[in-house]
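The values are calculated or read from the model by the stated rules, or taken from the named source; none is laboratory data. These numbers were taken from a predicted model, which means no experiment stands behind them. Every residue, glycine among them, receives a Cβ derived from its backbone with ideal geometry; neighbour counts consider all protein chains shown. Calculation scope for accessible area: heavy atoms of the full protein, side chains included, ligands and nucleic acids excluded. Shrake-Rupley method; radii C 1.70, N 1.55, O 1.52, S 1.80 Å.
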Amino acid sequence: MLINVRKRAIVSNIILITIAGFLLLLGSNSNAAEPFGTYLGEFSGVAAYSNGNTSYYSDVSNYVNGTYTGIQWQCVEYVRRYYLLVYGIDLASMHLGDANTWYDNASAMGLERYPNGSSTSPQVGDILVSEGGDYGHVAIVKSVSGSQVCTIQQNFSNDSTDVNRCLTLAVSGGNYTVGGFSATYPIEGWLRIPLTILYAGLFRDILGPNSIGWTPGDRLSVSAQVEPVNTSYGQTVVTATNLDTGYSMQLGYIGGIPPNEFGKKIAYDPALTGAWLITATNGPYTATALTNEIGDVGPMPFLRNVQILGTGLTPTISWTLPANSGAGYIHLNIIDAVTGLRIWWSPHLDITTTEYTIDDGVLVADHPYIIRVFLNNEDGTSRSTSFYDFTPLEEGEPDTVFIPTVGQDPDPTDEFGAAFMFDIDVEEGVPCFIDPFVAVGYDYEIGIEDTVKFASVTLPEVGDNLFDLYLFDDTDFYLARKDLGSGETYNFGPEGVDQFRILGIEEGAELDPLDATAFITELTFTETGQFTGNMTPIISIDNDSDGILDYQDNCVNSDLSSTVVIGDCDSGVFNTLLPTGCTITDRIAECAAGVKNHGKFISCVAHLTNALKKDGVITGKEKGAIESCAAQANIP
């Protein structure tokens, strides 16, 4: 319910008494009202709060990322906030009336309306509308079953029942009738987003190497924004059909921002650059739209000389644009390298922009991130997407650092990690700092077409601050300097070198393998030019050859026997390697270590096999075989 701002100051005693009486009528079905602002619960990630009581008007406007949703915590505020966060629809920009005006103004808000008792059932995400009382009431449908409709709202009872108030649903002669919120708040009907394709587009996307797991290459991207995404019929299905070839494919749900995006990327094919027909289907509803054509649009290049400027949590990212790029604008994202989620995005930046400062509150210290850069042409039909890994620089570290593109590890089983790739302009004798991930050592190599060579290297403070430097003699690496100290510059001579290796970083230094600022290296070069070389990490050795590197392996010397053997008893159960790097036999050995008596050992094994069975690692029969061997074993 919403107390109108124009009337809040002149609410009469009679109205207040009526409201109080109404609340007493609800007493048998509700708890005491919670204080204003109390969290009551949520649906689809959108929280509902108590308004304290139905007659209270806070006069405090609420905003979500700068978009007005209403007065805290009225019923219309929750519905507007829900539609903004779940569907990306700003209802407040289309209609600002009280709840009792919503049904008559549905079309102004771009919504379809269905009267109570109609042949169309309410569905999840619909807005139930009552014109009862002085100002009406609105709520979001959260579930529909054969006999009831359950809702979430604000400012009805202002207690926990507001987040799961269930109303009766009667079906007769193919018509659906929903019982009222109360006797004085009958349901007028429900509002719904019509199935609509808000956007349909096609562009060429050159995706660069990345550590996220996305396959790099030259691709066509087909996308559409559709609402609603989910209804009581299920998730909307979106397909795309190329009109020139007839090739058809289903678009996957992407979500994100906007929250209603579907899309798919396929290998670039000139035959598929014409318009695509987008078809969205949900239950009996269908919507269609056409994408643009892109024709023979060329590929976009990647940015160059990408750097972090400044220490702390609000660094500036700088770059240079390739010559004759044909670019129209730049757009930056920041991705959390641990979760893979996009957490920040810039506005579209003019092509003359060469740096941008990350907003306060986005980054946290000692956490890895990825900068994703979109370089777009003027009409948005071609773009490049490049990725640069970094962690915020700490005080005392160099405050101008080139950051790399990090690809996928081509062979996770060997001692080398993914290469850190740079594309930077260097000057003879001028130091530049490059910013890699973490390892026990690194190989440094000049790019194939580079004319510059390494002139010197200075290493950072890590572990015991002593490192071993190796040079390459055309066939293998040899030790050129043992115990090279941090901060000590090693000169490669007037001719320079095109590759070298650093070893001696202790595993005991416990450097986070996702920390892109853990080994910032100062390099100088023999001449001015372009450096497009790599820095490849040498990672922790896999001592037990189980395919899980030691720094990720909870059991670095696993028992890799083919079956689980306890004492002299072979259970015949396959000795599975678990994701932790331990085998079943390793885990049983942990049960045996330091156990005080045989009963404790059997109990530990039983708990282990229960967990393995629950996770689907072993069957009930295999669980029995392992426990039988444990019972026979002379442990301790």
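What the table below lists for this structure:
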read-out: Tally of residues being under 21 Å from Pro299 (Cα atoms) and hydrophobic (A, V, I, L, M, F, W, C) across segment 322-358; value: 6
read-out: Residue in segment 187-194 that is more than 22 Å from the chain's Cα centre (by Cα), surrounded by 18 or more Cβ atoms within 10 Å (Cβ to Cβ), among the β-branched types (Val, Ile, Thr) and modelled with pLDDT under 95 present; value: yes
read-out: Residues of segment 285-300 that turn out to be touching a residue at least 40 places away in the same chain (Cβ under 8 Å), open to solvent by 40 Å² or more (accessible area, probe 1.4 Å) and assigned to a loop (DSSP other than H, G, I, E, B), as a count; value: 3
read-out: Residues of segment 369-387 that turn out to be closer than 18 Å to Phe422 by Cα and not hydroxyl-bearing (Ser, Thr, Tyr), as a count; value: 7
read-out: Members of segment 339-362 that are closer than 20 Å to Asp379 by Cβ and either touching a Ser or Thr at 6+ places or on another chain (Cβ under 6 Å) or among the acidic types (Asp, Glu) (or both); value: Asp350
read-out: Test: Gly255 is within 19 Å of Gln235 (Cβ to Cβ), out of contact with any Lys or Arg (no Cβ under 9 Å at 6 or more places or on another chain) and assigned to a loop (DSSP other than H, G, I, E, B); value: yes
read-out: Strands (runs of 3 or more DSSP E) (entirely within segment 376-442) containing at least 1 residues that are open to solvent by less than 20 Å² (accessible area, probe 1.4 Å), modelled with pLDDT under 85 and touching a Pro at 6+ places or on another chain (Cβ under 9 Å); value: 432-434
read-out: Residue list for segment 67-93, filter: closer than 20 Å to Gln225 by Cα and among the aliphatic types (A, V, I, L, M); value: Leu84, Leu85, Val86, Ile89, Leu91
read-out: Residue in segment 91-102 that is in contact with a strand residue (DSSP E or B) (Cβ under 7 Å, 6 or more places away or on another chain) and either of a type in the set (Lys, Arg) or closer than 25 Å to Thr161 by Cβ (or both) present; value: yes
read-out: For Leu303: the one exception among (1) at pLDDT below 95; (2) farther than 30 Å from Pro122 by Cβ; (3) open to solvent by 20 Å² or more (accessible area, probe 1.4 Å); value: (3)
read-out: Sole exception among (1) within 30 Å of Glu495 (Cα to Cα); (2) out of contact with any Pro (no Cβ under 6 Å at 6 or more places or on another chain); (3) open to solvent by less than 50 Å² (accessible area, probe 1.4 Å) for Asp336, by number; value: (1)
read-out: From Tyr233, Tyr199, residue being of a type outside the set (D, E, K, R), farther than 27 Å from Ser121 by Cβ and surrounded by fewer than 18 Cβ atoms within 10 Å (Cβ to Cβ); value: Tyr199
read-out: Failed item, numbered, when Thr311 is tested on (1) under 18 Å from Ser384 (Cα atoms); (2) surrounded by 14 or more Cβ atoms within 10 Å (Cβ to Cβ); (3) not small (Gly, Ala, Ser); value: (1)
read-out: Residue selected from segment 150-186 under the condition assigned to a loop (DSSP other than H, G, I, E, B) and polar (S, T, N, Q), by the criterion surrounded by the most Cβ atoms within 10 Å (Cβ to Cβ); value: Asn155
read-out: Search result, residues across segment 60-93 that are part of a loop (DSSP other than H, G, I, E, B), open to solvent by 30 Å² or more (accessible area, probe 1.4 Å) and modelled with pLDDT under 95; value: Asn65, Gly66, Gly88, Asp90
read-out: Of residues in segment 461-479 being more than 13 Å from Tyr442 (Cα to Cα) and touching a residue at least 12 places away in the same chain (Cβ under 8 Å), the one most open to solvent (accessible area, probe 1.4 Å); value: Glu461
read-out: Contacts under 8 angstrom Cβ, first residue in segment 127-145 being free of Cβ contacts under 8 Å to residues at least 24 places away in the same chain, partner buried (at least 22 other Cβ atoms within 10 Å of the Cβ), 6 or more apart; value: Ser143/Val149
read-out: Output for segment 561-576, where each listed residue is touching an Asp or Glu at 6+ places or on another chain (Cβ under 6 Å) and either open to solvent by 20 Å² or more (accessible area, probe 1.4 Å) or over 20 Å from Gly616 (Cα atoms) (or both); value: Thr563
read-out: Residue check for Ser221: polar (S, T, N, Q), at pLDDT 90 or above and open to solvent by less than 60 Å² (accessible area, probe 1.4 Å); value: yes
read-out: Residue match in segment 121-131 (condition: more than 16 Å from Gly180 (Cβ to Cβ) and part of a strand (DSSP E or B)); value: no
read-out: Matching residues in segment 460-481 - criterion: being under 21 Å from Pro431 (Cβ atoms) and among the charged types (D, E, K, R); value: Glu461, Arg481
read-out: Per-region count, segment 31-59, residues part of a strand (DSSP E or B) and either in contact (Cβ under 8 Å) with a residue 60 or more places away in the chain or surrounded by 14 or more Cβ atoms within 10 Å (Cβ to Cβ) (or both); value: 8
read-out: Selected residue (only one of Thr314, Thr352, Thr339 is of a type in the set (S, T, N, Q), at pLDDT below 90 and in a loop (DSSP other than H, G, I, E, B)); value: Thr339
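Residues are listed down the side, and each one gets a yes or a no for (1) within 16 Å of Gln154 (Cα to Cα); (2) in contact with a helix residue (DSSP H, G or I) (Cβ under 9 Å, 6 or more places away or on another chain); (3) open to solvent by 20 Å² or more (accessible area, probe 1.4 Å):
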site: Leu96; (1), (2), (3): no, yes, yes
site: Thr101; (1), (2), (3): no, no, yes
site: Asp104; (1), (2), (3): no, no, yes
site: Ala108; (1), (2), (3): no, no, yes
site: Glu112; (1), (2), (3): no, no, yes
site: Gln123; (1), (2), (3): no, no, no
site: Val129; (1), (2), (3): yes, yes, no
site: Gly133; (1), (2), (3): yes, yes, yes
site: Ala139; (1), (2), (3): yes, yes, no
